[in-house]
Every structure is written in structure tokens, then in C-alpha cells.
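Some notes on the structure that comes next.
The values are calculated or read from the model by the stated rules, or taken from the named source; none is laboratory data. Predicted, not measured: the structure shown is a model, and the values here were computed from it. Cβ placement follows ideal geometry from the backbone for every residue including glycine, while neighbour counts extend to all protein chains displayed.
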Ligand SMILES: Nc1ncnc2c1ncn2[C@@H]1O[C@H](COP(=O)(O)OP(=O)(O)OP(=O)(O)O)[C@@H](O)[C@H]1O
Ligand SMILES: [Mg+2]
């Protein structure tokens, strides 16, 4: 038996917005196994992105316990969290979060800087990953010189360049035409076959149906 990749137990997240508390997650329990392929679906505002940010160690729960790679995130300082994320998680943001003044290749190479990988190897690995998402002709383009779907694929390449054991993708096909969406899904599925756990958020029933299991969120809980 291998240990679960991520275990959330009774996790909550309340945002404080000008003194008003917004309960975005209200007690979510979820285990991600090392070879999982999980789709998270649910209406807009149901807490999917909030949950993904927690699973990826980008944010901390307001309550409950969260183990990433067996480590309780409440015991980790920000530097330890960043290291755990860099070594374990690939994250594709709903809104890409690419550096605007930076080329596709340097955006993809960035996580490797934090790993201490040398410049030459960074460029090679970033180039190979951009080739894998069909962007070998856009290496030196900046985000504002690329379409939404191209930016999405750069974000996917950046998430994969560190060879994470868990890939968390928030609407990875949301901005792609169906052919490009299919090729991105095929890429995620081949990674999953290689043992990478894949968790994706989607509004697309067909995308969700390809996952090995689905959870549905509503009002901050799994239904
Ligand atoms: N930083 C924030 N401050 C205050 N409230 C927030 C914040 N981020 C999210 N929320 C609220 O938390 C709830 C859950 O938001 P979340 O982004 O997780 O939804 P979602 O399921 O990802 O929706 P969508 O499908 O539209 O992306 C929403 O009611 C949202 O308004
Ligand atoms: Mg969202």
C-alpha cells in the first residue's frame, strides 16, 4: 500500500471580506490516491477553486486537517509549504497566472529555478514540455502575444515541468477548442497512466465522464 497523496478531513475555508465572513468550504473530506484521476464538478461559486487551492498547498484551511504528501500543512511555515508544493504539486490555475513580461519558455522554466536546476537544463526541459503541449512555435512569445488557449497550454506545461506526483488543474480545457481540449486531456491521461494523480475541475460533462471518479460540490460541501 502506498500512502495517499493528499488527505483532507473536515476541511473548511472562510474568507473574510470587509468584516463579513464568506464560508466557501464547509467541511470537506477527500482522499487523493497516488494514481487517482478525479473530476470535480459543481455550479459556479460552489467552492471548487477554493478546494483546489487548498489541495495544492496554495492556501490553508480555516478548520479541519489537510495532509499533503503525508505532512500536516498546519505544521509547515511558508518556506516549507513552498518547497512541498514545488516538489509534489503541479497547479494549473483557472486564470493561468503567467508572468506577463516573460516568454512562454521562461514562464515554463520558472518552477525549475526554485529547484536549483541550471539554466541550460531549464531551457531544455521547458522547450520539451512546450513541444508536448503543441507550442514549439511559441517559445519566445509573451502571454499577451498568445491566444487564451495557448496561454492555457503554457500554464499546463509549467505545471508539468517539475514532474509532479499530483497535477491539479482548474478548468484545463475551459479555453480550448474541442480538438486542442482532446489533446490536452490525452496528455493528462497519459501522465495518469504513468502514475501521476490528476485532479481536474470542469464544467464539461464529457471531460468529467472520462475521469475515474467524480465529486460534485454544492455550497461548499461535497454532495
Ligand atoms: N478571495 C475571496 N474573498 C472572498 N470570497 C471569496 C474569495 N474567493 C472566493 N470567494 C467566494 O467563495 C465562494 C467559492 O468560490 P470559488 O472560487 O471556490 O468557486 P468555484 O466553484 O471555483 O466557482 P467557478 O466555477 O465560478 O470558478 C464564492 O461564493 C466566492 O464568491
Ligand atoms: Mg473556480
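Key figures
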read-out	value
Candidates 78, 4 - the one that is away from ligand 2 (no atom under 16 Å from the Cβ) and within 26 Å of residue 187 (Cα to Cα)	4
Strands (runs of 3 or more DSSP E) (entirely within the stretch 1-90) containing at least 2 residues that are crowded, with 20+ Cβ neighbours inside 10 Å and within 13 Å of ligand 1 (Cβ to nearest atom)	6-17, 20-32, 37-42
Those residues of the stretch 203-223 which are within 16 Å of ligand 2 (Cβ to nearest atom), crowded, with 18+ Cβ neighbours inside 10 Å and either under 17 Å from the mean Cα position of the chain (by Cα) or farther than 18 Å from residue 47 by Cβ (or both), in sequence order	207, 208, 215
Selection count, the stretch 93-123, where residues are in a loop (DSSP other than H, G, I, E, B) and more than 18 Å from the chain's Cα centre (by Cα)	7
Any pair with Cβ under 6 angstrom, 6 or more apart, that starts in the stretch 203-223 at a residue that is farther than 21 Å from residue 177 by Cβ and ends at one that is surrounded by fewer than 13 Cβ atoms within 10 Å (Cβ to Cβ)	216/223
Matching residues, the stretch 202-223, being farther than 22 Å from residue 62 by Cα and within 15 Å of ligand 1 (Cβ to nearest atom)	202, 203, 204, 205, 207, 208, 214
Flag for residue 164 being within 16 Å of ligand 2 (Cβ to nearest atom) and part of a loop (DSSP other than H, G, I, E, B)	no
Test: residue in the stretch 140-152 that is at pLDDT below 95 and within 20 Å of residue 58 (Cα to Cα)	yes
Scan of the stretch 22-41 for residues that are at pLDDT 95 or above and over 17 Å from the mean Cα position of the chain (by Cα), ordered by number	23, 24, 25, 26, 27, 28, 29
Complete set of residues in the stretch 176-202 that are part of a loop (DSSP other than H, G, I, E, B), crowded, with 18+ Cβ neighbours inside 10 Å and either within 16 Å of ligand 2 (Cβ to nearest atom) or more than 14 Å from the chain's Cα centre (by Cα) (or both)	176, 202
Residues satisfying the stated conditions in the stretch 36-50, i.e. touching a strand residue (DSSP E or B) at 6+ places or on another chain (Cβ under 7 Å) and either within 9 Å of ligand 2 (Cβ to nearest atom) or farther than 22 Å from residue 206 by Cβ (or both)	46, 47, 48, 49, 50
Test: residue in the stretch 51-61 that is in contact with a strand residue (DSSP E or B) (Cβ under 9 Å, 6 or more places away or on another chain), farther than 12 Å from residue 166 by Cβ and more than 16 Å from ligand 2 (Cβ to nearest atom)	yes
Conditions (1) touching a strand residue (DSSP E or B) at 6+ places or on another chain (Cβ under 9 Å); (2) more than 16 Å from ligand 1 (Cβ to nearest atom); (3) more than 23 Å from residue 176 (Cα to Cα); (4) assigned to a helix (DSSP H, G or I): number failed by residue 156	(3)
Looking only at the stretch 129-139, and only at residues there that are part of a helix (DSSP H, G or I) and at pLDDT 95 or above, the one that is nearest to residue 83 (Cα to Cα)	129
